[in-house]
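Undergrad: Here it is, the structure in full.
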Amino acid sequence: MISFTEENYLKAIYHLSQGGERAVLTNELAEAMQTKAASVTDMVKRLSAKSLIVYEKYYGVKITTQGRQQALQIVRKHRLWETFLVEKLGFSWDEVHAVAEQLEHIQSPQLINKLDAFLGFPKNDPHGDPIPDQNGKFKNPSLVGLDQVEPGRRVTITTVKDTDPDLLKFLDKIGAKPGKTVQVIKREAFDKSMEVQIEKKKVFISLDVSKNILIAL
């Protein structure tokens, strides 16, 4: 069993490594965890001793197969709890991330599997992120930001980045949610902001906002 803090680090490494595709530099990890390099070094040693990661100086941290499986179970719990909080307890989608960060550390696989069944085995959380099954399997499509979509093209929102509550409140206000159809009408040359039509509603969004709305390739 690993501690709450170790789980948080492992999940951060998983996300930063894009699911284990690349090594993560320790300064990247320190920035993500908002801590000092010395704390990261200590945690890296602890996770290495448990065979959850491999660390090479100047190369960085690489998550192992065992580490990836553990990280996916944490991600699974987080996204199932977010779904439960929105669908069953009436939380808004901008409120659930911090609460799910606490609930994801519950260690009972039986509880999580029953939660999954109670929710009807959802494939995606309220933000559109895929939910791994109990074996860690899930569909993970290649995604690009709406900023990469050419004017005139009509696309469907797959997911949105969910760590900023203010962003989620804005996306909720303009109706930019997973499953909604978006057409890029025009992009401004000056600041790359764009006019888009979401369903039947036309709105202007900044470049930063468009990067946080993700579309499957």
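The values are calculated or read from the model by the stated rules, or taken from the named source; none is laboratory data. Quick caveat, the model's predicted, so the values are computed rather than measured. Here the Cβ is made from the backbone with ideal geometry for all residues, glycine too, and neighbour counts use every protein chain on show.
Undergrad: Does any residue of the range 146-154 turn out to be touching a Phe, Trp or Tyr at 6+ places or on another chain (Cβ under 9 Å) and in contact (Cβ under 8 Å) with a residue 12 or more places away in the chain?
TA: For the range 146-154, residues touching a Phe, Trp or Tyr at 6+ places or on another chain (Cβ under 9 Å) and in contact (Cβ under 8 Å) with a residue 12 or more places away in the chain: absent.
Undergrad: Let me spell it out: the conditions are (1) hydrophobic (A, V, I, L, M, F, W, C); (2) in contact (Cβ under 8 Å) with a residue 24 or more places away in the chain; (3) outside any loop (DSSP other than H, G, I, E, B), and Trp93 meets all of them except one. Which number is the exception?
TA: (3)
Undergrad: Here's another thing I want to ask about it. So which residues in the range 1-59 are assigned to a loop (DSSP other than H, G, I, E, B), farther than 24 Å from Ala100 by Cβ and among the aliphatic types (A, V, I, L, M)?
TA: Result: Ala23, Leu25.
Undergrad: Considering every residue within the range 28-37, establish whether at least one is more than 26 Å from Ile131 (Cα to Cα), of a type outside the set (A, V, I, L, M, F, W, C), surrounded by fewer than 17 Cβ atoms within 10 Å (Cβ to Cβ) and more than 23 Å from the chain's Cα centre (by Cα).
TA: Yes, the range 28-37 contains a residue that is more than 26 Å from Ile131 (Cα to Cα), of a type outside the set (A, V, I, L, M, F, W, C), surrounded by fewer than 17 Cβ atoms within 10 Å (Cβ to Cβ) and more than 23 Å from the chain's Cα centre (by Cα).
Undergrad: How many residues, within the range 102-133, are touching a residue at least 60 places away in the same chain (Cβ under 8 Å) and not small (Gly, Ala, Ser)?
TA: 4
Undergrad: Is there a residue in the range 31-48 that is among the charged types (D, E, K, R), out of contact with any Lys or Arg (no Cβ under 9 Å at 6 or more places or on another chain) and touching a residue at least 60 places away in the same chain (Cβ under 8 Å)?
TA: To start, the set of residues in the range 31-48 that are among the charged types (D, E, K, R) comprises 31, 36, 42, 45-46.
Filter once more, keeping what is out of contact with any Lys or Arg (no Cβ under 9 Å at 6 or more places or on another chain): 31, 36, 42, 45-46.
Of the ones still in play, those that are also touching a residue at least 60 places away in the same chain (Cβ under 8 Å) are none.
Checked the range 31-48: no residue is among the charged types (D, E, K, R), out of contact with any Lys or Arg (no Cβ under 9 Å at 6 or more places or on another chain) and touching a residue at least 60 places away in the same chain (Cβ under 8 Å).
Undergrad: So Gln107 clears everything in (1) at pLDDT below 95; (2) within 19 Å of the chain's Cα centre (by Cα) except one condition, right? Which one?
TA: The number of the failed condition is (2).
Undergrad: Output the residue which, of all residues in the range 196-217 that are within 23 Å of the chain's Cα centre (by Cα) and charged (D, E, K, R), is surrounded by the fewest Cβ atoms within 10 Å (Cβ to Cβ).
TA: Asp208
Undergrad: Follow-up question, since we're still on this one. Is there a residue being over 20 Å from Asn140 (Cα atoms), more than 16 Å from the chain's Cα centre (by Cα), surrounded by 13 or more Cβ atoms within 10 Å (Cβ to Cβ) and free of Cβ contacts under 8 Å to residues at least 40 places away in the same chain anywhere in the range 188-195?
TA: The answer is yes; a qualifying residue exists.
Undergrad: Same structure, new question: Need pairs with beta-carbon distance below 9 Å; first residue farther than 28 Å from Trp93 by Cβ and within the range 55-80, second of a type in the set (Lys, Arg) and surrounded by fewer than 14 Cβ atoms within 10 Å (Cβ to Cβ); sequence gap 6+ or separate chains.
TA: Tyr55/Lys45; Gly60/Arg22; Lys62/Arg22
Undergrad: I would also like to ask the following. Return the total of residues in the range 53-82 being out of contact with any strand residue (DSSP E or B) (no Cβ under 7 Å at 6 or more places or on another chain) and buried (at least 17 other Cβ atoms within 10 Å of the Cβ). Reasoning before the result, please.
TA: So the first thing to find is which residues in the range 53-82 are out of contact with any strand residue (DSSP E or B) (no Cβ under 7 Å at 6 or more places or on another chain), and the list is 56-59, 65-66, 68-70, 72-82.
Pick out the ones that are also buried (at least 17 other Cβ atoms within 10 Å of the Cβ) and you get 68, 70, 72-82.
Residues that pass the stated criteria total 13.
Undergrad: Could you check how many residues of the range 124-159 are surrounded by 15 or more Cβ atoms within 10 Å (Cβ to Cβ) and assigned to a loop (DSSP other than H, G, I, E, B)?
TA: Counting residues in the range 124-159 that are surrounded by 15 or more Cβ atoms within 10 Å (Cβ to Cβ) and assigned to a loop (DSSP other than H, G, I, E, B) gives 9.
Undergrad: Go through the range 160-217 and count every residue that is on the phi > 0 side of the Ramachandran plot and part of a helix (DSSP H, G or I). First the steps, then the outcome.
TA: Restricting attention to the range 160-217, the residues satisfying the condition of being on the phi > 0 side of the Ramachandran plot are 175, 179, 192, 199.
Imposing the further condition that a residue be part of a helix (DSSP H, G or I) reduces the set to none.
Residues that pass the stated criteria total 0.
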